[in-house]
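Heads up, the thing below is written out as structure tokens.
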Amino acid sequence: AAKRQGGSTFAVFEPRMEHDTREELALQTELREALARNELVLYYQPKMDARSGLITGVEALVRWHHPQRGLVMPGVFIPVAERFGLIGQLGDWVTEEACRQLAEWRSQGLRMRAAINMSAHQLRQDSLLPRLKQAMENHAIDPSQLTIEIIESVLMDDAAVRSFSGLASLGVGLSIDDFGIGYCNFALLRKLPVKQLKVDRSLFTDIQNSADARSVVTAIVQMAHALNLRVVAEGVETERQRDTLQALDCDEMQGFLFARPMPAEKLTLWAMEGETPAEAGGFRPSLFM
Ligand code: C2E
Ligand code: MG
Ligand code: MG
Ligand code: MG
């Protein structure tokens, strides 16, 4: 940051900041190479129907298999991709790869649905719709098999919101991610072609001990159901959270309790074996659709 002192301008770097900047520049260069060298990989985490316990679909979560750094998480490189204009390319790769994987699952007899995450920046790009359409065509994916997850704050971005109707007219599902921790615009929510709300885990971490937390989740579920939206509780870690959320009428659940995000081959085995993980209680993953 530059700081004005006594009329002259200094660039004041804190050691930590300078380090971050260099780190980001390095990451940026490496990310460009990674995109070219195909070092990104999608992990998949199942979403479970809260009543039947069946898998309703998977969420694709991007990771970077870095030759030196190991597995790098999206929280580290998505902001870098956005800052340095790489998010469009990264998003295109994610879309294409998710469609390719859906086609591979189909060839294995698994008819899956997948959700992909998109940032406001991606929604603002004119190329979004044609690219998405192309990816679905390339792999003969039905739009009903795809859901786009968008974080709540996107609702404040007019240009991004405008692309919602285009997405909906393609036939893909729309989901509001991290719902309840940002700015909720109920007027917009009512008008938008959104089908699903994903309640952020911070709203129910202590739900079994907190009447307030239960009230908040109850209110969200009632509001969502009144608007014909499905509610997904994301980040469910304990059986007590699961039981409470189930009692409060959440429609779907996702979280470490059921399964961690995993590479496609692992997810395939998990779904095909239909084994109930010990910690998953009454939930039984199985084929669907
Ligand atoms: P998100 O879309 O809200 O994804 C949920 C995050 O919570 C994931 O972190 C997931 O691994 C984690 N999670 C799942 N179950 C649990 C649980 O029971 N407990 C806890 N503590 N965490 C759980 P991840 O994979 O690190 O992704 C972080 C964020 O990065 C995502 O949040 C999403 O906003 C973004 N992201 C991931 N993949 C993409 C992508 O392909 N494109 C874009 N634009 N963003 C992405
Ligand atoms: Mg998400
Ligand atoms: Mg989320
Ligand atoms: Mg999140």
Those residues that are part of a helix (DSSP H, G or I), open to solvent by 20 Å² or more (accessible area, probe 1.4 Å) and in contact with a Pro (Cβ under 8 Å, 6 or more places away or on another chain), I need them from region 155-204; list them, please. S165, A168, L170
Hey, among E273, E239, E234, which residue is among the acidic types (D, E), open to solvent by less than 60 Å² (accessible area, probe 1.4 Å) and closer than 19 Å to L54 by Cα? E234
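Taking L129 as the residue in question, decide whether it is aliphatic (A, V, I, L, M), closer than 25 Å to E252 by Cβ and either open to solvent by 70 Å² or more (accessible area, probe 1.4 Å) or outside any strand (DSSP E or B) (or both).
Criteria not met by L129.
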Of (1) open to solvent by 10 Å² or more (accessible area, probe 1.4 Å); (2) touching a strand residue (DSSP E or B) at 6+ places or on another chain (Cβ under 6 Å), Q222 satisfies every one except (2)
Name the residue that is farthest from T147 (Cα to Cα), counting only residues in region 227-240 that are in contact with a strand residue (DSSP E or B) (Cβ under 8 Å, 6 or more places away or on another chain) and not charged (D, E, K, R). V236
Could you grab me the full set of residues in region 1-43 that are of a type outside the set (F, W, Y), at pLDDT 90 or above and in contact with a strand residue (DSSP E or B) (Cβ under 8 Å, 6 or more places away or on another chain)? E30, L31, A34, E39, L40, V41, L42
R69, sole failed condition from (1) in contact with a helix residue (DSSP H, G or I) (Cβ under 9 Å, 6 or more places away or on another chain); (2) under 21 Å from L123 (Cα atoms); (3) not hydrophobic (A, V, I, L, M, F, W, C): (2)
In this structure, is G85 among the small types (G, A, S), under 19 Å from R32 (Cβ atoms) and not in a strand (DSSP E or B)? yes
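With the condition kept exactly as written, say whether any residue in region 31-41 is within 16 Å of ligand 2 (Cβ to nearest atom) and surrounded by 14 or more Cβ atoms within 10 Å (Cβ to Cβ).
No; the residues of region 31-41 include none that is within 16 Å of ligand 2 (Cβ to nearest atom) and surrounded by 14 or more Cβ atoms within 10 Å (Cβ to Cβ).
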Consider region 229-276. How many of its residues are of a type outside the set (A, V, I, L, M), under 30 Å from R100 (Cβ atoms) and in contact with a helix residue (DSSP H, G or I) (Cβ under 8 Å, 6 or more places away or on another chain)? 6
Sort through P74, P46 and tell me the only one that's touching a Pro at 6+ places or on another chain (Cβ under 7 Å), open to solvent by less than 60 Å² (accessible area, probe 1.4 Å), in contact (Cβ under 8 Å) with a residue 12 or more places away in the chain and of a type outside the set (S, T, N, Q). P46
Does N228 meet the test of being within 22 Å of the chain's Cα centre (by Cα) and closer than 20 Å to R51 by Cα? yes
Of the candidates S163, S107, S119, the one satisfying the condition of being among the small types (G, A, S), over 17 Å from V232 (Cβ atoms) and within 16 Å of the chain's Cα centre (by Cα) is S119
If you scan region 84-96, which residues turn out to be open to solvent by 40 Å² or more (accessible area, probe 1.4 Å) and touching a residue at least 12 places away in the same chain (Cβ under 8 Å)? F84, Q89, D92, W93, E96
Go over the candidates S144, S175, S163 one by one and state the one that is away from ligand 2 (no atom under 16 Å from the Cβ) and modelled with pLDDT of 95 or more. S144
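The values are calculated or read from the model by the stated rules, or taken from the named source; none is laboratory data. Please read all numbers here as calculations on a predicted model, not as lab measurements. Cβ: placed from backbone, ideal geometry, glycine included. Neighbour counts: every protein chain shown. What goes into the accessible areas is simple: the full protein's heavy atoms, side chains included, and nothing from ligands, DNA or RNA. Shrake-Rupley method; radii C 1.70, N 1.55, O 1.52, S 1.80 Å.
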